């Protein structure tokens, strides 16, 4: 049962880190990043956020391991 709790805790931390990173990168980029991705279909902005998601996934996986 402890392994389930630990996995859920790390997943929660990972989600919080992703949301925080999204808002930080949104503040650092000109304009609204979500509008660029969702409404204007900006591929470069989507690639940027995909890269951030992969990087955070690698960091969280390394922390769990």
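The values are calculated or read from the model by the stated rules, or taken from the named source; none is laboratory data. Keep in mind that what you see is a predicted model, and the values were worked out from it rather than measured. All Cβ positions, even for glycine, are placed from backbone atoms using ideal geometry, and neighbour counts span all protein chains on display.
Tabulated values for the structure
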| item | result |
| --- | --- |
| Subset of the stretch 1-18 [closer than 14 Å to residue 52 by Cα and loosely packed, with under 11 Cβ neighbours inside 10 Å] | 16 |
| Extreme residue, modelled with the highest pLDDT, among residues of the stretch 8-64 that are in contact with a helix residue (DSSP H, G or I) (Cβ under 8 Å, 6 or more places away or on another chain) and not in a helix (DSSP H, G or I) | 42 |
| Qualifying residue in the stretch 24-33 (condition: closer than 27 Å to residue 6 by Cα and without any contact (Cβ under 8 Å) to a residue 24 or more places away in the chain) | yes |
